[in-house]
């Protein structure tokens, strides 16, 4: 859900920046020292022929709008990169996978999914998984918290992370959750 909010925020920033950019660009064109129409060009040329200096006006705000123009272009580029980053998650997670069991035939069958997952967990996540494993893969969250020696908040955060990764399932059980180890991790 948070990725959607960030995506929409980046989209809003880029659209607002584009709107401001178009207004700033219009102002830059309107305040340009060069003649903006044929008629003003003709009058400028005629005043030069009559001994006067050519008519050019330079508004000091043009410099500030030019800087704003450049800043807004940078913001738009950053927003577009952010949109692409969130719109195409495969770009950021594309990593080659190597299987140890297939490289060495002598190791085939010795590495279980449980062993592979345990290597990727933090110490606290490992404690939670070990407690679940000791209770046949099912345990109530309030008891799990006590046995793992973690606070309620820490336990909740760890379980949410593990559930997002598909390692555990959380099932509502009264005023607590029943934590169930994923089927593919059980021996």
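The values are calculated or read from the model by the stated rules, or taken from the named source; none is laboratory data. Note that this is a predicted model, so its numbers are computed, not measured. As a convention, Cβ positions derive from the backbone with ideal geometry for all residues, glycine included, and neighbour counts pool all protein chains shown.
Here are a few things to note about the model shown:
- Residue list for the stretch 118-130, restricted to those being surrounded by fewer than 18 Cβ atoms within 10 Å (Cβ to Cβ) and either part of a helix (DSSP H, G or I) or on the phi > 0 side of the Ramachandran plot (or both): 118, 119, 120, 123, 124, 126, 130
- Within the stretch 154-169, if we keep just the residues that are assigned to a helix (DSSP H, G or I) and touching a residue at least 24 places away in the same chain (Cβ under 8 Å), the residue that is farthest from residue 144 (Cα to Cα) turns out to be 161.
- The residue pairs whose first member lies in the stretch 64-83 and is assigned by TED's automatic domain parsing to the domain that holds residue 23 and surrounded by 13 or more Cβ atoms within 10 Å (Cβ to Cβ), whose second member is at pLDDT below 75 and outside any helix (DSSP H, G or I), and whose beta carbons are closer than 9 Å, counting only pairs six or more residues apart or on different chains, are 65/31; 65/59.
- Scope the stretch 134-153; condition in contact (Cβ under 8 Å) with a residue 24 or more places away in the chain, touching a helix residue (DSSP H, G or I) at 6+ places or on another chain (Cβ under 9 Å) and either assigned to a strand (DSSP E or B) or closer than 15 Å to residue 171 by Cα (or both); matching residues: 137, 138, 139, 141, 142, 144
Listed here are the residues, each with its yes/no results for (1) more than 21 Å from residue 182 (Cα to Cα); (2) modelled with pLDDT of 90 or more.
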site	(1), (2)
105	yes, no
110	no, no
114	no, no
123	no, yes
126	no, yes
132	no, yes
148	no, yes
153	yes, yes
